[in-house]
Amino acid sequence: MIDSSKTYETHPIVIGIDSFGDITSNDEGRPLDQPENTRALVDEGVLAEASGLDFFGLGEHHIEEMPLSAPDLVLAVVSARTSRIRLGSAVTVLSSDDPVRVFQRYATLDALSNGRAEVILGRGSSTESFPLFGFELADYGRLFEEKLELFAELRSERPVTWSGTTRAALSGLQVFPRTTSGALPTWIGVGGSPESIVRTAKYGFNLMLAIIGGNPARFTRHAELFRQATAQFGHGARPVGVHSPGHVAATDEQAAEQYWPLYETFMLQERYERGFPPITRELFEHERQYGSLYVGSPETVARKIIKTMRLLGATRFDLKYGMGPMPRSHLMENIRLFGTEVAPLVREALASRT
């Protein structure tokens, strides 16, 4: 068991939600069109703050079912209608983007939100952006490594001198705008690769563990590796976060019945596209109880989050809410319950560890 007492003393508990911009449905079952769905995301961010959550994130995707190709623009609108909640990507596919423009967009969001912006960077488990922007999957690793190196230099907010093979070199150039804090909060989304964890520690970034299946106990060694590597690279203690899918309703049974049909359809599609194993209701229930699906009543979901965060010494948990064409009433009630009932239970339980 990891002794995470120092981690809890150093970093505040953060409870947030993420969306990938899934096309949702109205309560009559009609899918929202894409412009409607984009506007609806703004309402979700506003509700997240009103419900007491700490973070609202939007992840980049470029497909018809998730047409959220410019999350920073949506977050800018959310920032104008909120005053407290932190806003960021979840995740930005740095490999197929330009690090300078990513930094500038989120530094601009930081200005508009009065210092509430952050960014979660990733290599891209969904790779639809690579052909869209003219990148080769054969360069997958090199693209991320070089661009992450450049982003680390940009984040210093000093003149940058950098050269590589994936974009034009920079020679003593200053990139604007500057951020409120002078260092844009930056997380790296990691699915479990030890190399990715060490790379995150090398640059002094925060670690976001994307745990989308299986027992979260599998990631205890990854969290410990991150702490060891961060110390060896001479950085101060950096926070560990967890991103996992889930859904909250009034009762365990209601939450499962609302989520299961959509989850089954999603997993069937992913089986053909990514080679996922077939899904059954029995496997779904097993994942709810022992794995990384946080589906249930507020009390059930809170207990499971508390257990996971204690196990990993994590100080942040982001729930990936929504699933495919979920009715909006179910989705909005999930956000409300997660903020007003789940988050307070988690904060209270983890505060006792400081």
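The values are calculated or read from the model by the stated rules, or taken from the named source; none is laboratory data. As the structure is a prediction and not an experimental result, all values here were calculated from the model. Every residue, glycine among them, receives a Cβ derived from its backbone with ideal geometry; neighbour counts consider all protein chains shown. Note: areas computed on protein heavy atoms with side chains; ligands, DNA, RNA excluded. Shrake-Rupley method; radii C 1.70, N 1.55, O 1.52, S 1.80 Å.
Among the residues making up the range 299-324, those that are of a type outside the set (Lys, Arg), open to solvent by 10 Å² or more (accessible area, probe 1.4 Å) and either free of Cβ contacts under 8 Å to residues at least 60 places away in the same chain or not in a helix (DSSP H, G or I) (or both) are Glu299, Thr300, Ile306, Met323, Gly324.
Among the criteria (1) open to solvent by 60 Å² or more (accessible area, probe 1.4 Å); (2) of a type outside the set (Ser, Thr, Tyr); (3) at pLDDT 95 or above; (4) under 22 Å from Ile63 (Cβ atoms), the one Ala111 does not fulfil is (4). Of all residues in the range 150-166, which are surrounded by 16 or more Cβ atoms within 10 Å (Cβ to Cβ) and either among the charged types (D, E, K, R) or within 14 Å of Val93 (Cβ to Cβ) (or both)? Residues satisfying the conditions are Phe151, Glu153, Arg155, Glu157, Thr166.
Residue-level check: of (1) within 20 Å of Leu143 (Cβ to Cβ); (2) open to solvent by 60 Å² or more (accessible area, probe 1.4 Å); (3) among the hydrophobic types (A, V, I, L, M, F, W, C), Phe205 misses just (2). Looking at the range 215-230 only, could you name the residues that are open to solvent by less than 70 Å² (accessible area, probe 1.4 Å) and not hydroxyl-bearing (Ser, Thr, Tyr)? Once the filter is applied, which keeps residues that are open to solvent by less than 70 Å² (accessible area, probe 1.4 Å) and not hydroxyl-bearing (Ser, Thr, Tyr), the range 215-230 yields Pro216, Ala217, Phe219, His222, Ala223, Glu224, Leu225, Phe226, Arg227, Ala229. Take the range 1-23 and flag every residue that is in contact with a Pro (Cβ under 6 Å, 6 or more places away or on another chain) and either modelled with pLDDT of 95 or more or loosely packed, with under 14 Cβ neighbours inside 10 Å (or both). Within the range 1-23, just Ile23 meets the criteria.
Looking at Asp43, is it surrounded by 20 or more Cβ atoms within 10 Å (Cβ to Cβ), modelled with pLDDT of 95 or more and of a type outside the set (A, V, I, L, M)? Against the criterion (surrounded by 20 or more Cβ atoms within 10 Å (Cβ to Cβ), modelled with pLDDT of 95 or more and of a type outside the set (A, V, I, L, M)), Asp43 does not qualify.
On inspection, Pro185 does not qualify as crowded, with 20+ Cβ neighbours inside 10 Å and over 23 Å from Ser113 (Cβ atoms).
Here's the yes/no breakdown for (1) at pLDDT below 95; (2) of a type outside the set (A, V, I, L, M):
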| position | (1), (2) |
| --- | --- |
| Leu184 | no, no |
| Gly192 | yes, yes |
| Pro216 | no, yes |
| Phe226 | no, yes |
| Ala231 | no, no |
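Number of residues in the range 52-78 that are of a type in the set (Gly, Ala, Ser) and open to solvent by 10 Å² or more (accessible area, probe 1.4 Å): the value is 4.
Scanning the range 38-73 for residues that are among the aliphatic types (A, V, I, L, M) and in contact (Cβ under 8 Å) with a residue 40 or more places away in the chain turns up Ala40, Leu47, Ala48, Ala50, Leu53, Leu58, Ile63, Met66, Leu68. Scanning the range 172-192 for residues that are touching a residue at least 40 places away in the same chain (Cβ under 8 Å) and farther than 19 Å from Ile212 by Cα turns up Val175, Phe176, Pro177, Arg178, Thr179, Thr180, Ser181, Leu184, Pro185, Thr186.
Restricting the range 29-40 to residues that are touching a strand residue (DSSP E or B) at 6+ places or on another chain (Cβ under 9 Å) and not polar (S, T, N, Q), the residue that is most open to solvent (accessible area, probe 1.4 Å) is Pro31. Of the residues Glu153, Glu195, the single one that is under 30 Å from Ala111 (Cα atoms), acidic (Asp, Glu) and without any contact (Cβ under 8 Å) to a residue 60 or more places away in the chain is Glu153.
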